[in-house]
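Nothing in this text is a laboratory measurement; each read-out follows from the coordinates by a stated rule. As the structure is a computational prediction, the values presented were derived from the model and not from experiment. Cβ atoms come from the backbone with ideal geometry, glycine included; neighbour counts cover every protein chain shown.
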Amino acid sequence: MGKRKRRFWPAALAVSSLFGAIFLGGCSQLLLLEPMGPIGDAERFVIIAAFVLMLIVVIPVFIMSHWFPWKFRASNTKAPYRPNWNYSFKIDLAMWLVPLAIVTALGVLSWRSTHNLDPYKPIDSDGEPVHIDVVSLDWKWLFIYPDHDIAVVNQLVFPIKAPLNFRLTSDTVLTSFFIPQLGSQIYAMAGRQTRLHLVADKAGRYTGHNQQFSGRGYADMHFKAIAVTREQFEEWVRKTKQSASKLDLSRYEELAKPSVGSPVTTFSAVAPGLFERIIRKYMTVGGNSTSTQPEER
């Protein structure tokens with residue numbers, strides 16, 4: 001009987017490790033842990049630091065959950081037997097001080113990172129900023145470059161090392177704009193304007209998502225974020241300006257209709273004030289807009 005129990009724990013550990021490997025097999029791409037910009041890098045540090053702090057509690061629990069049953073098993077006659085034991089000052093002190101220290105450290109970390117990583121806070125950089133207006137539609141993303149008078153559907157192109165100053169709104173239900181490798185998920189809401197500041201350190205193609213369920217086309221509401229050099233960006237702007245399509249009001253009304261799997265589409269010109277016009281669609285009857293500072297950039 002004792003030999004069987006001795007074989008049980010190694011077998012149980014092997015089985016649990018096997019199941020862990022199977023269930024974690026889908027986590028091959030942890031984009032949050034592969035940042036390509038300072039915001040994403042700072043957020044990775046917060047995630048890892050919080051994870052490590054929580055492991056201070058988790059690891060001892062896993063160790064003790066195996067060690068205690070093994071030590072105090074019925075066949076172990078050398079284990080101490082204390083039927084009248086009911087209190088330990090050392091254990092009580094550890095049960096209070098360790099969680100208190102962890103919660104305090106997490107609180108300080110969260111407080112500092114929340115203020116340092118405020119999505120509304122501009123990024124200090126020597127590069128020339130690029131202003132981009134983002135409109136969430138069913139089920140696609142519209143990116144307007146007001147300084148260049150161009151627009152693109154389901155593709156975001158920007159230069160590396162340049163601060164990206166986003167203004168976001170929605171012409172549909174609540175959605176969430178997120179480029180995991182650049183960081184800072186932010187909501188896009190109808191009748192409101194939110195802000196986001198990002199920057200990419202390396203050229204590459206990153207994936208952007210809508211992280212908020214928004215109907216049947218939600219699964220296909222993603223886009224490619226392409227970071228290029230400043231020269232490549234300027235060349236892309238010149239090519240986009242040669243597009244035969246123009247985003248006037250009638251074309252926008254067609255674009256805003258629900259569709260799934262919309263192809264990348266470029267527009268060489270944009271109706272003046274289109275972004276503000278989309279926000280004003282959801283104004284109250286009395287004329288008080290629910291948008292937040294739509295006139296600022």
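Here are a few things to note about the model shown:
- Residue ID - surrounded by the fewest Cβ atoms within 10 Å (Cβ to Cβ), chosen from residues in the range 131-152 that are over 21 Å from the mean Cα position of the chain (by Cα) and not aromatic (Phe, Trp, Tyr): Asp147
- On the stretch given as the range 200-245, residues that are buried (at least 17 other Cβ atoms within 10 Å of the Cβ), in contact with a Ser or Thr (Cβ under 7 Å, 6 or more places away or on another chain) and either among the aromatic types (Phe, Trp, Tyr) or under 17 Å from Asp147 (Cβ atoms) (or both) total 1.
- Exactly one residue out of Ala101, Ala105, Ala94, Ala151 is more than 29 Å from Thr266 (Cα to Cα) and touching a Leu at 6+ places or on another chain (Cβ under 6 Å): that is Ala105.
- Criterion applied to Ser125, Ser113 was being under 19 Å from the mean Cα position of the chain (by Cα) and either under 21 Å from Lys257 (Cα atoms) or hydroxyl-bearing (Ser, Thr, Tyr) (or both), and the one residue passing it is Ser113.
- One residue from Asp126, Asp133 being in contact with a strand residue (DSSP E or B) (Cβ under 6 Å, 6 or more places away or on another chain) and among the acidic types (Asp, Glu): Asp133
- Residue match in the range 100-108 (condition: β-branched (Val, Ile, Thr), within 20 Å of Tyr187 (Cα to Cα) and either in contact with a Ser or Thr (Cβ under 9 Å, 6 or more places away or on another chain) or surrounded by 11 or more Cβ atoms within 10 Å (Cβ to Cβ) (or both)): no
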